[in-house]
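*Asks:* Pasting a structure here, questions to come.
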Amino acid sequence: MGMGGPLYRYFSADHDRLDDLLRRATAGSGPIDLALFGRFRAGLLRHIGMEEKVLLVAAREASGGTPHPLAERLRVDHGAIASLLVPTPTRALVAQLVSVLAPHNRREEEPGGVYDACDRALGRAAGERLVEELRTFPEPPLKPWNDAPEVMKHIEVNLELSRRQWAETDPPPAPPSRRTGS
């Protein structure tokens with residue numbers, strides 16, 4: 001089925017919607033727009049829930065009970081992402097969030113990535129039915145922001161787990177480019 005199947009289209013469009021909310025919530029150099037960030041937070045937690053409770057489960061069932069090879073690693077990322085949505089957002093926390101989200105979304109959307117694999121496993125008709133089911137997936141209830149020291153420690157632990165699991169398979173970051181000459 002390849003890139004562009006119903007699940008790929010649905011989830012990548014949701015990534016775009018969430019990216020736009022985050023961009024708008026953090027626009028400028030002033031305070032983060034907490035109302036917009038709250039919409040982003042609710043939407044991102046809904047997105048994670050759809051992947052964990054519906055998409056990855058359906059793909060596993062369609063694959064004879066075999067989970068996607070990245071399913072467990074995605075769950076660890078989801079834990080790190082969700083932990084970063086607990087405290088009141090700051091620019092530093094948003095930078096940490098983006099440092100996990102960007103490669104996470106790439107792994108899902110790249111050619112042959114998670115969404116393509118799910119589309120292949122389910123087939124077009126089942127994928128379209130699943131998308132219709134996902135349209136009614138609810139946003140989770142949100143608790144107030146929590147800036148307790150234990151929350152920050154939990155974030156550190158989850159970020160380390162997420163980063164460590166990819167360290168062996170991800171290429172090292174490219175060094176900054178230097179322009180020479182005139």
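*Asks:* Starting from residues that are polar (S, T, N, Q) and within 29 Å of residue 123 (Cα to Cα), keep the ones in the range 63-88 and report whichever is surrounded by the most Cβ atoms within 10 Å (Cβ to Cβ).
*Replies:* Once the filter is applied, the top-ranked residue is 63.
*Asks:* If we keep just the residues of the range 1-14 that are part of a helix (DSSP H, G or I) and surrounded by 18 or more Cβ atoms within 10 Å (Cβ to Cβ), which is nearest to the chain's Cα centre (by Cα)?
*Replies:* Looking at the filtered set, the residue picked out is 11.
*Asks:* Okay, moving on. One residue is enough: does the range 160-168 have a residue meeting the conditions in contact with a Leu (Cβ under 9 Å, 6 or more places away or on another chain) and either in a loop (DSSP other than H, G, I, E, B) or surrounded by 15 or more Cβ atoms within 10 Å (Cβ to Cβ) (or both)?
*Replies:* No, the conditions are met nowhere in the range 160-168.
*Asks:* Provide a single number: the residues in the range 61-73 that are assigned to a helix (DSSP H, G or I) and out of contact with any helix residue (DSSP H, G or I) (no Cβ under 7 Å at 6 or more places or on another chain).
*Replies:* Adding up the residues that qualify gives 2.
*Asks:* Of everything in the range 103-159, what is part of a loop (DSSP other than H, G, I, E, B), within 30 Å of residue 88 (Cβ to Cβ) and not aliphatic (A, V, I, L, M)? Give them in sequence order.
*Replies:* Those that are part of a loop (DSSP other than H, G, I, E, B), within 30 Å of residue 88 (Cβ to Cβ) and not aliphatic (A, V, I, L, M): 137, 138, 139, 140, 141, 143, 144, 145, 146, 147.
Here's the yes/no breakdown for (1) under 18 Å from residue 32 (Cβ atoms); (2) of a type in the set (D, E, K, R); (3) modelled with pLDDT of 95 or more:
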position	(1), (2), (3)
80	no, no, yes
96	yes, no, yes
101	yes, no, yes
104	no, no, yes
116	no, yes, yes
125	no, no, yes
137	no, no, yes
145	yes, no, yes
150	no, yes, yes
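*Asks:* Right, here's the next one. Kindly establish whether residue 71 is farther than 20 Å from residue 42 by Cβ and either at pLDDT 95 or above or out of contact with any Pro (no Cβ under 6 Å at 6 or more places or on another chain) (or both).
*Replies:* Yes.
*Asks:* Looking at 106, 60, 91, which one is within 10 Å of the chain's Cα centre (by Cα) and either surrounded by fewer than 17 Cβ atoms within 10 Å (Cβ to Cβ) or free of Cβ contacts under 8 Å to residues at least 24 places away in the same chain (or both)?
*Replies:* 106
*Asks:* Here is a list of conditions, (1) more than 22 Å from residue 132 (Cα to Cα); (2) touching a helix residue (DSSP H, G or I) at 6+ places or on another chain (Cβ under 7 Å); (3) part of a helix (DSSP H, G or I), and residue 32 meets all of them except one; can you say which number that is?
*Replies:* Evaluating residue 32 over (1) more than 22 Å from residue 132 (Cα to Cα); (2) touching a helix residue (DSSP H, G or I) at 6+ places or on another chain (Cβ under 7 Å); (3) part of a helix (DSSP H, G or I) leaves (3) as the failure.
The values are calculated or read from the model by the stated rules, or taken from the named source; none is laboratory data. Please read all numbers here as calculations on a predicted model, not as lab measurements. Neighbour counts are summed over all protein chains in view; Cβ atoms, including those assigned to glycine, are modelled from backbone coordinates with ideal geometry.
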